[in-house]
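The values are calculated or read from the model by the stated rules, or taken from the named source; none is laboratory data. Keep in mind it's a predicted model, so treat the numbers as computed, not measured. Don't worry about glycine lacking a Cβ; one is built from the backbone with ideal geometry, like all the others, and counts go over all protein chains shown.
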Amino acid sequence: MIQAINAAMDVCMAADPDIVIMGEDVGFFGGVFKATAGLQAKYGKTRVFDTPINENGIVGVAVGMAAYGLRPVPEIQFADYIYPALDQIVSEAARLRYRSAGDYTAPITIRSPFGGGIFGGQTHSQSPEALFAHVAGIKTVIPSTPYDAKGLLISAIEDNDPVLFFEPKRIYNGPFDGHYDRPVTSWAAHPAGEVPEGHYAIPLGQAARVREGGDVTILAYGTMVHVAAGVVDESGIDADLIDLRTIVPLDIEAIEQSVRKTGRCVVVHEATRTGGFGAELAALVQERCFHHLEAPVMRVTGWDTPYPHSLEWAYFPGPVRLGEAIKRVMED
């Protein structure tokens, strides 16, 4: 997935000289995960440059650049450190088009690795996507495969409004089914690991059906798509697995179609439970599909605690908890 993300930025920078990349260590070093490796050497220090450790300043400068006609792609090194930039994202970037009556836009794509599964502890494992989904004017994208990562990132960079592009770092180098005690697999053997060269775009707001089934709908995004796929494959459950890809805009039509077919729904995400995006999904399903439901919507999430380093797999919503939730919703 790292190579796909790098390729997306390379394609966009080659096509548009107004695209600039900025962030902590993104230049010569190529980023802590090497997502921007080689781009400074190819496009120069004025288009790919390092910044101070100042997330508020990074995004604030990006807003100014966007207002002047550039297309900045700032990187926040870990999503856990995005909070100092909240004011610039929420009060400035998200509202620039509205407050200027369309005279200015903020074509900013903020990339950031997020999520756990790497023993990053409470300061390198958080999933803050629901905070941004709550803010009007921001799009929030979360890929689950290298193919999607490249196509979605190209769409995000080409979009004329601000986009939060959260990258599940646990699956940077390969899919993860939640079984931490099994050998690590790479993207090389996965069908979605094949990434075409050149430009292609996946529209924002278009979900993908990962598994087709008729008994229960599973809504997931990011790493949890692979955890859910593993549970479905091992259990033999006839599940309709939907990868949301973007939570704003949300492909509500795909969700409705699936739930009306299956009559049951399980939502899974890694973020904390209370106020998580799963609550919004559960509410939407209840509002739109109430008369089709055969059982209450179930949520499988992280706990309402900081992400614990020593109890990583007790916090992580893995195959056991997801499997139990699916079994329960099938029995109701």
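Annotations
- Filter result for residue 88 (part of a helix (DSSP H, G or I), out of contact with any helix residue (DSSP H, G or I) (no Cβ under 9 Å at 6 or more places or on another chain) and either of a type in the set (A, V, I, L, M) or assigned by TED's automatic domain parsing to the domain that holds residue 129 (or both)): no
- Residues satisfying the stated conditions in the range 10-22, i.e. more than 12 Å from residue 200 (Cα to Cα) and under 21 Å from the mean Cα position of the chain (by Cα): 10, 21, 22
- Subset of the range 292-327 (residues that are among the acidic types (Asp, Glu), assigned to a helix (DSSP H, G or I) and within 20 Å of residue 79 (Cβ to Cβ)): 312
- The residue that is surrounded by the fewest Cβ atoms within 10 Å (Cβ to Cβ), counting only those in the range 91-105 that are touching a helix residue (DSSP H, G or I) at 6+ places or on another chain (Cβ under 8 Å) and assigned to a loop (DSSP other than H, G, I, E, B), is 104.
- Number of the condition not met by residue 92 [criteria: (1) touching a Phe, Trp or Tyr at 6+ places or on another chain (Cβ under 6 Å); (2) closer than 19 Å to residue 165 by Cα; (3) not aromatic (Phe, Trp, Tyr)]: (1)
- Count of residues meeting criterion [hydrophobic (A, V, I, L, M, F, W, C), over 30 Å from residue 181 (Cα atoms) and part of a strand (DSSP E or B)] in the range 106-132: 1
- Residue 118 vs. criteria within 29 Å of residue 224 (Cα to Cα), among the β-branched types (Val, Ile, Thr) and surrounded by fewer than 24 Cβ atoms within 10 Å (Cβ to Cβ): yes
- The sole residue among 58, 108, 76 that is crowded, with 24+ Cβ neighbours inside 10 Å and either free of Cβ contacts under 8 Å to residues at least 40 places away in the same chain or touching a Leu at 6+ places or on another chain (Cβ under 8 Å) (or both) is 58.
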